[in-house]
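A short worksheet on the structure shown next.
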Amino acid sequence: MLETRNLTKCFGNFEAVKNVSMSVPDGAFLVLLGPSGCGKTTLLRMLAGLELPSAGQIVFDSQTVSDGDRNWAVDPAQRNAGLVFQSYALWPHMSVRGNIEWPLKVMKMPKAERATRVAEVLKLLDISPLADRYPNEISGGQQQRVAIARTIAPKPSVLLFDEPLSNLDAKLRVEMRTELMRLHRATGATTVYVTHDQIEAMTMASHVAVMNEGRVQQFGTPADLVDHPETAFVATFVGTPPNNMVPVIKNGTGYRVGGRHMPVTPPADDCLAMYRAERMVLGDSEGDTTLPMELVETSTIAGRTMVTGLRDGLRLTAIVDHAPSAQIGDTIQFCLPPRPDSWFGPDGERIG
């Protein structure tokens with residue numbers, strides 16, 4: 001349904017999006033996930049037609065809608081795509097009904113059909129009682145529902161969301177995530193959703209594109225990203241808590257692991273060993289495969305305890321059954337498992 005081919009966007013000498021190629025199935029819920037400034041919103045704006053690519057193509061349902069190589073693009077209004085902005089962007093002088101009806105008027109839909117469609121969308125978003133109110137008379141969460149209703153009213157085949165929940169409180173964000181997933185099932189539209197919140201991404205997405213510095217680091221299902229991270233960035237950005245990444249540096253005839261000599265056999269010199277937090281354990285005393293760390297944080301997660309230690313810039317997290325008796329600031333021993341879960345080269349790419 002949606003494809004990008006070597007998509008690039010430059011602002012002067014700065015490449016905001018670099019050579020992005022991916023193919024999104026019809027009806028998928030794709031999340032563009034990454035830190036602030038990674039290029040995900042710029043990519044979304046190119047999909048919407050608000051930015052022209054510097055190079056590469058965008059294809060909707062086998063039709064090219066943007067071609068940066070030829071400096072050509074289909075008008076945003078002709079793409080059969082709807083965009084929900086982070087800021088809601090409702091017209092303050094129009095009622096809720098008026099906001100939702102406006103794009104249907106632009107389409108020159110007959111009045112009776114407009115009334116029927118507006119009623120359908122109001123019911124779908126559970127905002128029928130708000131139909132005659134104005135934006136300043138409803139809450140932020142209700143305004144977001146109106147913005148979504150206005151976007152889906154013309155029945156677009158592609159829905160685009162630019163961090164639509166970032167202005168909501170934590171409880172409402174969880175509720176709206178459920179509503180958006182229900183809406184996706186009801187409309188069947190191919191959806192692209194931008195967020196920096198990996199919990200949002202992993203709970204909502206059928207597919208995730210993890211971005212960093214303008215590039216897609218990995219594209220796949222949430223399970224793919226958790227079970228088989230392709231880069232060190234993905235391994236440490238996806239997951240709660242993130243995976244532990246420990247430097248393994250050749251030193252003479254042996255290797256230093258996290259700053260201590262240990263009996264390991266890495267696949268290459270100077271690489272990174274990944275250990276999942278649930279496989280880490282805490283030791284009572286120093287040993288051949290332990291790392292002394294300063295205890296900096298403990299917290300309870302689903303009946304277990306997440307313990308975090310810090311030493312010389314290295315941060316390790318373990319999920320254990322019982323909280324340590326040590327106090328914040330004390331030294332505790334993190335025991336590394338016999339073998340890492342994955343190895344990564346100095347360039348951050350997975351080895352093997």
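The values are calculated or read from the model by the stated rules, or taken from the named source; none is laboratory data. The structure presented is a predicted model; accordingly, all values stated were derived computationally and were not measured. A quick note on method: Cβ atoms are made from the backbone with ideal geometry, for glycine too, and the neighbour counts reach across all protein chains shown.
Some notes on this structure:
- Scope the stretch 92-113; condition assigned to a loop (DSSP other than H, G, I, E, B) and either outside the structural domain of Q78 (by TED's automatic domain parsing) or not hydrophobic (A, V, I, L, M, F, W, C) (or both); matching residues: P92, H93, S95, K108, P110
- Residues (part of a helix (DSSP H, G or I) and either modelled with pLDDT of 95 or more or surrounded by 12 or more Cβ atoms within 10 Å (Cβ to Cβ) (or both)) located in the stretch 114-128: R114, A115, T116, R117, V118, A119, E120, V121, L122, L124, S128
- Residues of the stretch 155-184 classified as of a type outside the set (D, E) and out of contact with any strand residue (DSSP E or B) (no Cβ under 7 Å at 6 or more places or on another chain), total: 17
- Residue in the stretch 161-175 that is over 24 Å from the mean Cα position of the chain (by Cα) and either within 26 Å of L44 (Cα to Cα) or not assigned by TED's automatic domain parsing to the domain that holds A201 (or both) present: no
- Flag: E120 does not match the condition of being assigned by TED's automatic domain parsing to the domain that holds C38, touching a residue at least 60 places away in the same chain (Cβ under 8 Å) and among the acidic types (D, E).
- For the criterion of being touching a Gly at 6+ places or on another chain (Cβ under 8 Å) and modelled with pLDDT under 95, G37 fails.
- Among the conditions (1) surrounded by 19 or more Cβ atoms within 10 Å (Cβ to Cβ); (2) of a type outside the set (S, T, N, Q); (3) not assigned by TED's automatic domain parsing to the domain that holds P25, P263 misses just one, which is (1).
- Count of residues meeting criterion [part of a loop (DSSP other than H, G, I, E, B) and surrounded by fewer than 20 Cβ atoms within 10 Å (Cβ to Cβ)] in the stretch 52-89: 15
- In the condition set (1) closer than 26 Å to V146 by Cα; (2) basic (K, R); (3) touching a Leu at 6+ places or on another chain (Cβ under 8 Å), K9 is compliant with all but (1).
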